[in-house]
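Just so it is clear, none of the values below were taken in a lab; they were calculated from the coordinates. Everything numeric here is computed off the predicted structure, so don't read it as measured data. No Cβ is skipped: glycine too gets one built from the backbone with ideal geometry, and neighbour counts run over all protein chains shown.
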Amino acid sequence: DTGVSQNPRHKITKRGQNVTFRCDPISEHNRLYWYRQTLGQGPEFLTYFQNEAQLEKSRLLSDRFSAERPKGSFSTLEIQRTEQGDSAMYLCASSLEPRGRNTEAFFGQGTRLTVV
Amino acid sequence: GQQLNQSPQSMFIQEGEDVSMNCTSSSIFNTWLWYKQDPGEGPVLLIALYKAGELTSNGRLTAQFGITRKDSFLNISASIPSDVGIYFCAGQRNFNKFYFGSGTKLNVKP
């Protein structure tokens with residue numbers, strides 16, 4: 001399978017704990033996006049990388065959230081001191097660096113986080 | 001931030017009927033993408049549009065990039081039960097992040 005891979009698929013954690021999610025993009029893609037989705041809503045932008053550089057971070061992202069892409073391949077999203085409001089589906093997508101007609105972003109299956 | 005308005009929010013149709021949904025914005029976009037999402041899964045890309053006025057098909061699906069660059073339309077012909085799901089539009093400006101609509105939930109009665 002050469003699609004976007006996210007791990008774990010599901011995570012249940014107690015409030016106050018830290019969690020980390022991983023995303024492996026399609027191998028030749030140098031763009032990687034993180035989105036969050038709550039029930040009944042469309043995906044909401046969190047941050048994106050081009051290679052290892054984090055080019056944009058949403059103002060909605062509190063300082064409890066941090067994302068890395070150290071070698072320009074896989075990425076991790078960490079949430080510190082989780083709160084119940086962090087419960088959501090966390091989606092990762094990847095694409096080629098946009099040049100004309102190749103900007104399609106492909107999503108992984110997501111990580112469902114439940115904070116209890 | 002940018003807001004994409006999708007309509008209708010939901011629709012109930014009979015198998016075999018055609019479906020139309022649209023996405024509008026107050027801002028201009030360079031790229032429009034359409035996705036389908038099943039419960040508990042990530043969105044799956046259906047169609048990508050890059051040029052104002054462009055009409056692109058993928059099987060029974062046809063999408064158009066609005067001439068004003070502020071809207072896009074998705075049509076599904078001869079719907080079947082497996083078309084059930086939530087359809088999202090996404091717009092991109094200046095090759096940065098994608099903005100998503102809130103989705104159109106499609107129900108198909110056999």
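Pick out the one residue from B:GLY59, B:GLY53, B:GLY40 that is at the interface with another protein chain (Cβ under 10 Å from one of its Cβ atoms) and on the phi > 0 side of the Ramachandran plot.
Values: B:GLY59 fails: at the interface with another protein chain (Cβ under 10 Å from one of its Cβ atoms); B:GLY53 fails: at the interface with another protein chain (Cβ under 10 Å from one of its Cβ atoms).
The match here is B:GLY40.
Looking only at residues in segment B:1-17 that are surrounded by fewer than 18 Cβ atoms within 10 Å (Cβ to Cβ) and facing chain A (nearest Cβ under 10 Å), which one is farthest from the chain's Cα centre (by Cα)?
Step one: filter segment B:1-17 for residues surrounded by fewer than 18 Cβ atoms within 10 Å (Cβ to Cβ), giving B:1-3, B:5, B:7-17.
Keeping just the survivors that are facing chain A (nearest Cβ under 10 Å) gives B:1-2, B:9.
Working: B:GLY1: 20, B:GLN2: 17, B:GLN9: 12 Å.
This residue is B:GLY1.
When residues of segment A:76-107 are filtered for being away from chain B (no Cβ under 12 Å) and over 15 Å from A:VAL4 (Cβ atoms), how many remain?
Taking segment A:76-107 and keeping what is away from chain B (no Cβ under 12 Å), we get A:76-88.
Still in the list and also over 15 Å from A:VAL4 (Cβ atoms): A:78-88.
Count: 11.
Need pairs with beta-carbon distance below 6 Å; first residue without any contact (Cβ under 8 Å) to a residue 24 or more places away in the chain and within 11 Å of chain A (Cβ to nearest Cβ) and within segment B:81-97, second of a type outside the set (D, E, K, R) and surrounded by 15 or more Cβ atoms within 10 Å (Cβ to Cβ); sequence gap 6+ or separate chains.
Sorted first by the residue in segment B:81-97, then by its partner, the pairs are B:LYS97/A:PHE45; B:LYS97/A:TYR48.
Just need a number here: residues in segment A:22-48 that are part of a strand (DSSP E or B) and either farther than 22 Å from B:CYS89 by Cα or of a type in the set (Val, Ile, Thr) (or both). Working first, answer last.
Pass one, segment A:22-48, residues part of a strand (DSSP E or B): A:22-24, A:31-37, A:44-48.
After this cut, where a residue has to be either farther than 22 Å from B:CYS89 by Cα or of a type in the set (Val, Ile, Thr) (or both) as well, the list is A:22-24, A:47.
The total comes to 4.
Name the strands (runs of 3 or more DSSP E) wholly inside segment B:1-84 in which the number of residues that are among the charged types (D, E, K, R) and closer than 27 Å to A:LEU46 by Cα is 1 or more. Spell out the reasoning first.
On the way: elements: B:4-7, B:10-14, B:19-25, B:31-37, B:44-49, B:55-58, B:61-65, B:71-76.
Passing ranges, in order: B:31-37, B:71-76.
So that you can scan it fast, the table gives a plain yes or no per residue for (1) closer than 23 Å to A:GLY110 by Cβ; (2) surrounded by fewer than 18 Cβ atoms within 10 Å (Cβ to Cβ):
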| position | (1), (2) |
| --- | --- |
| B:VAL19 | no, no |
| B:GLN37 | yes, no |
| B:ILE47 | yes, no |
| B:ASN75 | no, yes |
| B:SER82 | yes, yes |
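Limited to segment A:89-116, what total is found for residues that are crowded, with 17+ Cβ neighbours inside 10 Å, hydrophobic (A, V, I, L, M, F, W, C) and more than 12 Å from A:TRP34 (Cα to Cα)?
Result for segment A:89-116: 2.
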